[in-house]
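Colleague: Below are the structure tokens for one structure; questions will follow.
The values are calculated or read from the model by the stated rules, or taken from the named source; none is laboratory data. Bear in mind the structure is a predicted one, so any value in this text is a computation, not a measurement. Cβ: placed from backbone, ideal geometry, glycine included. Neighbour counts: every protein chain shown. Remember, those area values only see protein heavy atoms, side chains included, never the ligands or the DNA or RNA. Shrake-Rupley method; radii C 1.70, N 1.55, O 1.52, S 1.80 Å.
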Amino acid sequence: MKAEAPPQAADKVSRKELIELLNEDLAREYQAIISYVVYSQVLKGAEFMNIADELEKHAAEELAHALMISNQIDYLGGMPAVQPKPVRTSEKAREMLRFDLINEGETIRNYRERVRQCEQLGEYAMAEHIREILMDEQDHQIALATALGEDVPVVKDPPNHAETKE
Ligand SMILES: [Fe+2]
Ligand SMILES: [Fe+2]
């Protein structure tokens, strides 16, 4: 009997592609550091005081993530990127929190995919490091959604996930 193709076989990336994808992740971590540094200091209003303190903690965690991802890129023989993804700003507290929530969702979607890609390359330790980062990102998402008085959004894989290959 012929063996079935493993699930999400189309996701399989080369080590070189993984370096590029991790550099995208790193650019998102830089973006997160910058936005949390700024938002934690400018967020005003009594109702947002607790979350402002929380965002300051997020900033430190995003820095730890950036260091971890850079370490993995170096391990793979790549050069860590230096450019952040663009940071959006707003005068409005709720809008700032909304931007963060959207970005955390995008980050979670990417790291879930990265865990699968690392495992397909046999990079199980790297997958484990990324799982640990994912736990923090999910906590960030919960904190932001709670501050906005909303349910935690469901992070969906992109459509035709198994079929698409970029
Ligand atoms: Fe992060
Ligand atoms: Fe985060």
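Colleague: Helix 93-120 sits at what angle to the longest principal axis of the chain, using alpha carbons and giving 0 to 90 degrees rounded to 10?
Modeller: Approximately 20 degrees, to the nearest 10.
Colleague: A follow-up question, please. May I ask for the angle, rounded to the nearest 10°, between helix 15-42 and the longest principal axis of the chain, with both axes built from Cα atoms and the value confined to 0 to 90°?
Modeller: Once rounded, one gets 10 degrees.
Colleague: Quick check: residue separation of GLU24 and ASP139 times 0.36 nm, minus the Cα distance between them. What number comes out in nm?
Modeller: 39.3 nm
Colleague: Can you find, among ALA60, ILE133, VAL155, the residue farthest towards the positive end of the dipole of segment 51-163? Put +1 on the C-beta of Lys and Arg, -1 on that of Asp and Glu.
Modeller: Value computed over the given set: VAL155.
Colleague: In Å², and per residue, what accessible area does the chain have when probed at 1.4 Å with the other protein chains present?
Modeller: 58 Å²
Colleague: Let me ask another. Ignoring ligands, DNA and RNA, what percent of the accessible area of the chain is carbon or sulfur (1.4 Å)?
Modeller: Within the chain, the accessible surface is 56 percent carbon and sulfur.
Colleague: May I pose another question? Which listed residue (SER40, ASN23, LEU101) has the Cα farthest towards the positive end of the charge dipole for the chain, taking +1 on Lys and Arg C-beta and -1 on Asp and Glu C-beta about the Cα centre?
Modeller: With unit charges placed on the Cβ atoms, the residue in question is ASN23.
Colleague: Placing unit charges on C-beta atoms (Lys and Arg positive, Asp and Glu negative, everything else neutral), compute the dipole magnitude of segment 56-148 about its Cα centre in debye, rounded to 20.
Modeller: 340 debye
Colleague: Which angle from 0 to 90°, rounded to the nearest 10, does the C-alpha axis of helix 124-147 make with the longest principal axis of the chain?
Modeller: 30 degrees
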